[in-house]
Structures are given as C-alpha cells and as structure tokens.
Amino acid sequence: MLHAAADGVMGTRLDAVMLGITEDNGSEIWTRCLQQVRDIEQECSKFIATSYTTAINRAEPLSMVQVSDLYADMLRLAHRYRSLTNGAFDITLGQGSEISFAADGQLIIPSTGLNVDFGGMAKGYALEHVMDILRNAGISNAFVNFGGSSIAAIGTHPAGDGWQVAISDPYTGRNLHTVTLRDSSLSTSGNTPHYNGHIVNPFTGRAVTGNRLSAVVARSACDAEVLSTAWLVTDRQQRAGILKNFNDVTEEFVYN
C-alpha cells in the first residue's frame, strides 16, 4: 500500500491510497497524477494570472483566444453540462454565452464578452484524469480524496466491500449520511462557517448562503461535482428532471 499526499493543489489537499503496488511504482504513478492535476489547474484557475480562464475573462468582445486541446475539452464539456442540467450548472454564472471556436481552434469571444469560472467542475474533471491514470496503470484498489469534497474509489477497501465515507454537517459536525464507494465518486457542495457564499445561482446571479449542503454519488467524478453544485440552486422537481439526463447517479440528497 502507498499513501501519497500534496497540499496547495487547487487550493486544497490531494490524498491517494493505492493498493497492490510497489513503493517505486506507486511513487511514479503518483507523480504523474499530481502533474496532471497541476496542469489542469494552471490552465483553468481564475486565480492564476497566466491561465486561459484569466485570458478569456480579460479578452475584448469579438476577439479570439488560443487555448489548449485540454482546455477546449473542458469548455465543451461545461457547455454540455449546462444543457444537461437545464442551466442549473453554468460556468458563465448565468451569462448564458455560447461556446464556439474558429476553424483554427481559437475560442471566439462573444459580442457580450465572456466570463468563466470552473470552480464547480475543475476538481471533478481533474479527479477523472487521476482515476484514468490509476486504472491504466493496472491499479484495481485505490481511494483518492480531493479536499474532502471530491472523492473517488476503485475497487474495495482491504477490510471490506467498498470504501465507506461519512458526510458530516460542516456547521455541527453531525453525521448526515454514510456512503460506500466502489468504482464510483462522491461530491459534496455547500457552505461552511468559514467559506460561505462562493456558489452563485446562475438563475438569479445571487450567492447561495446559509447552511445548505448537497451530495451526489455517481460513477463519474465530474458528473458528481457538477450535479452537487446544481443541486444547491434547484428544487426537488427540477432535480428529478435533470436526473433523467444522467444514468450513473446512485445516491443524491440535499440538506438545508
């Protein structure tokens, strides 16, 4: 078993437990995982001056911005998620801007300008890449914890069937629910006493405030994160409609 961790990754901590590998092999795999996540962060973080996100948010209307293939994939995927969630997840925070590319692959900034924020998707997207690296390396049992809010597991825990994760109320510490992950992912979204109002409702343009927490378990880490974000701005009927567009969700709830 190898346990590896790194702080300061997308503003939080990335932990991984990998079973059935040698220390040298595990260290090499972990290095690749960490580099992949840092590469994604460098491209999409709005807090990094040299990122594509910063360049796009500063670009003049009707100008064009050259982006990498990976970043273009993120943009297209985010655009698809906006459609699948009926607008509840929107990296343009309700701006509703279309994502389009010129023939040479450059992103076309719309006439109204473009402002994007991957805060509700980046960790899930990065975690998908990490899990792909682990699976391609032949690892059949692993657990990856990305800041406590994005978690993915392959196979089973050595002591049981799956990996158990408790979901706690960040305001009281009370256990709300326990899930068992096996070849699946968990994402939780919401406010904490020290981090409130960071999620914006794309329908109203206002921040989500108060003690509100959502959790989604899905095979895809990116699906789980996007939906846990969308769940904070939707009601039960809206969520039921959105779930018809996703076939990999096994558990979901919202706590107020």
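Could you grab me the full set of residues in the range 98-127 that are more than 27 Å from Ala6 (Cα to Cα), surrounded by 19 or more Cβ atoms within 10 Å (Cβ to Cβ) and of a type outside the set (Val, Ile, Thr)? Correct list: Leu107, Leu114. Counting only residues that are more than 17 Å from Val200 (Cα to Cα) and without any contact (Cβ under 8 Å) to a residue 24 or more places away in the chain, how many does the range 213-238 have? So the count comes out to 2.
Might you check whether a residue that is closer than 22 Å to Gly190 by Cα, without any contact (Cβ under 8 Å) to a residue 60 or more places away in the chain and in contact with a Leu (Cβ under 9 Å, 6 or more places away or on another chain) occurs anywhere in the range 69-86? No - not one qualifying residue is present in the range 69-86. In the range 149-161, the residues that are without any contact (Cβ under 8 Å) to a residue 40 or more places away in the chain and of a type in the set (Asp, Glu) reach residues that are surrounded by 10 or more Cβ atoms within 10 Å (Cβ to Cβ) and in a loop (DSSP other than H, G, I, E, B) with C-beta atoms within less than 8 angstrom, at least six apart or across chains, in these pairs: Asp161/Arg182.
Which members of the range 26-50 meet the condition of being of a type outside the set (A, V, I, L, M, F, W, C) and in contact (Cβ under 8 Å) with a residue 60 or more places away in the chain? Scanning the range 26-50 gives Arg32, Gln36, Glu41, Ser45, Lys46. Pairing each residue of the range 171-187 that is free of Cβ contacts under 8 Å to residues at least 24 places away in the same chain with any residue that is part of a strand (DSSP E or B) and of a type in the set (Ser, Thr, Tyr), provided the two are 6+ apart or on different chains, yields C-beta distances under 8 Å for Arg174/Ser168; Asn175/Ser168.
Does Tyr195 satisfy the criteria of being surrounded by fewer than 20 Cβ atoms within 10 Å (Cβ to Cβ) and touching a residue at least 40 places away in the same chain (Cβ under 8 Å)? So Tyr195 does not fit the description; no. Restricting attention to the range 192-208 and to residues that are modelled with pLDDT of 85 or more and of a type in the set (S, T, N, Q), the residue that is nearest to the chain's Cα centre (by Cα) turns out to be Asn201. Scanning the range 128-142 for residues being part of a strand (DSSP E or B) and surrounded by fewer than 21 Cβ atoms within 10 Å (Cβ to Cβ) gives a total of 0.
The values are calculated or read from the model by the stated rules, or taken from the named source; none is laboratory data. Bear in mind that the values here come from a model prediction, so they are computed numbers and not experimental data. Reconstructed Cβ throughout: ideal geometry from the backbone, glycine too, with neighbour counts over all protein chains shown.
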